[in-house]
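> Handing you a structure now.
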């Protein structure tokens, strides 16, 4: 066996792929709805993580913990706030990475607690 596959595509598969591509081209509003949903998701997630980080920073301030812990939570919340703004402006890919970075900063601060 040479590992070579057949180069011919079954006509039924080729027809269904062409039909699916044509359906996507006929309905451009579907892509706009996906983009709108991505913006809302990024903005809402960023806002929720910002509030959670600020609440955790305030709770850690009331206890006797190293200063680094509430600072890490607050800075992670600030990064998530920037991600929420970027997400609402349509920069959802950058917002995702900033959300990940913000949560990682908060998790790092939690390790010092």
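> Take the conditions surrounded by fewer than 17 Cβ atoms within 10 Å (Cβ to Cβ), in a helix (DSSP H, G or I), at pLDDT 95 or above and in contact with a helix residue (DSSP H, G or I) (Cβ under 6 Å, 6 or more places away or on another chain) and apply them to residue 48. Does it pass?
For residue 48, the condition - surrounded by fewer than 17 Cβ atoms within 10 Å (Cβ to Cβ), in a helix (DSSP H, G or I), at pLDDT 95 or above and in contact with a helix residue (DSSP H, G or I) (Cβ under 6 Å, 6 or more places away or on another chain) - is not met.
> Mind checking whether some residue in the range 52-62 is more than 24 Å from residue 95 (Cβ to Cβ) and crowded, with 18+ Cβ neighbours inside 10 Å? Working first, answer last.
Of the range 52-62, the ones more than 24 Å from residue 95 (Cβ to Cβ) are 58-62.
Pick out the ones that are also crowded, with 18+ Cβ neighbours inside 10 Å and you get 60.
The answer is yes, given that some residue of the range 52-62 is more than 24 Å from residue 95 (Cβ to Cβ) and crowded, with 18+ Cβ neighbours inside 10 Å.
> Kindly indicate whether residue 108 is in a helix (DSSP H, G or I) and under 20 Å from the mean Cα position of the chain (by Cα).
yes
The values are calculated or read from the model by the stated rules, or taken from the named source; none is laboratory data. Everything numeric here is computed off the predicted structure, so don't read it as measured data. Backbone-built Cβ (ideal geometry, glycine too); neighbour counts: all protein chains shown.
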